[in-house]
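First up is the structure itself, then whatever we jot down about it.
The values are calculated or read from the model by the stated rules, or taken from the named source; none is laboratory data. This structure is a prediction, so every number in the text was calculated from the model and none was measured. No Cβ is skipped: glycine too gets one built from the backbone with ideal geometry, and neighbour counts run over all protein chains shown.
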């Protein structure tokens, strides 16, 4: 598995080694000790989540605060998304900057998102199945978010010609400056 750091310190792209033959293929999507050796600390994923989305669904930007902050390992099991991560760490030289990458069942890439980063994605195909491994349990009282189209973040979601679909909650997320 190839692990590459993005411009956001600690945010990693994981690209598996694919083994193909006439029966199909095999790959390792997660290897605890390999990931821990790169991030330099232990990781204990305690909750796996799956979301299913149709084309045009935009989820995010979400995060949890305080002792409930979550590190995540995300991947697409079916379809394709544009995945976006925003650095919320005030002491980081990339504070307020974002990273984006197309994740798909075809490219089999995943992203490790450290604590104190916001995350969201746009479903680019129908029937997207998106998987999240989280190192902390979900706590409603710690849940926060940032409006997807905040002008200070200036994220290009590459949405030309796509009819966006949001949850009512995501439509009410605050701007970056009010988070």
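Conditions (1) in a loop (DSSP other than H, G, I, E, B); (2) touching a strand residue (DSSP E or B) at 6+ places or on another chain (Cβ under 8 Å); (3) over 22 Å from residue 171 (Cβ atoms), marked per residue:
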{"position": "50", "(1), (2), (3)": "no, yes, yes"}
{"position": "55", "(1), (2), (3)": "yes, yes, no"}
{"position": "90", "(1), (2), (3)": "yes, no, yes"}
{"position": "133", "(1), (2), (3)": "no, yes, yes"}
{"position": "144", "(1), (2), (3)": "no, yes, no"}
Cβ pairs under 9 Å, 6+ apart or interchain, first in the range 136-147 and surrounded by 12 or more Cβ atoms within 10 Å (Cβ to Cβ), second at pLDDT below 95 and assigned to a loop (DSSP other than H, G, I, E, B), ordered by first then second residue, are 144/179; 145/179; 146/179
For the range 62-77, does any single residue satisfy the condition of being more than 16 Å from residue 135 (Cβ to Cβ), out of contact with any helix residue (DSSP H, G or I) (no Cβ under 7 Å at 6 or more places or on another chain) and surrounded by fewer than 20 Cβ atoms within 10 Å (Cβ to Cβ)? yes
Subset of the range 157-170, residues on the phi < 0 side of the Ramachandran plot, touching a residue at least 12 places away in the same chain (Cβ under 8 Å) and assigned to a loop (DSSP other than H, G, I, E, B), comes to 157, 159, 162, 163, 164, 166, 167
The condition of being within 18 Å of residue 6 (Cα to Cα) and either part of a loop (DSSP other than H, G, I, E, B) or in contact (Cβ under 8 Å) with a residue 12 or more places away in the chain (or both) holds, among 173, 122, 153, only for 153
If we ask which residues in the range 1-37 are touching a helix residue (DSSP H, G or I) at 6+ places or on another chain (Cβ under 7 Å) and part of a strand (DSSP E or B), their number turns out to be 2
Of those in the range 155-170 that are surrounded by 11 or more Cβ atoms within 10 Å (Cβ to Cβ) and over 15 Å from the mean Cα position of the chain (by Cα), the residue farthest from residue 119 (Cα to Cα) is 162
On the given criteria, is residue 54 within 20 Å of residue 158 (Cβ to Cβ), loosely packed, with under 13 Cβ neighbours inside 10 Å and touching a residue at least 12 places away in the same chain (Cβ under 8 Å)? yes
Within the range 85-103, of all residues that are crowded, with 23+ Cβ neighbours inside 10 Å and closer than 17 Å to residue 149 by Cβ, the one farthest from the chain's Cα centre (by Cα) is 86
Output yes when any residue across the range 73-84 is free of Cβ contacts under 8 Å to residues at least 60 places away in the same chain and more than 17 Å from the chain's Cα centre (by Cα), and no when none is.
no
Those residues of the range 9-48 which are farther than 23 Å from residue 92 by Cβ, out of contact with any strand residue (DSSP E or B) (no Cβ under 7 Å at 6 or more places or on another chain), in contact (Cβ under 8 Å) with a residue 40 or more places away in the chain and surrounded by 13 or more Cβ atoms within 10 Å (Cβ to Cβ) amount to 16
Those residues of the range 65-88 which are touching a strand residue (DSSP E or B) at 6+ places or on another chain (Cβ under 6 Å) and farther than 19 Å from residue 100 by Cα amount to 65
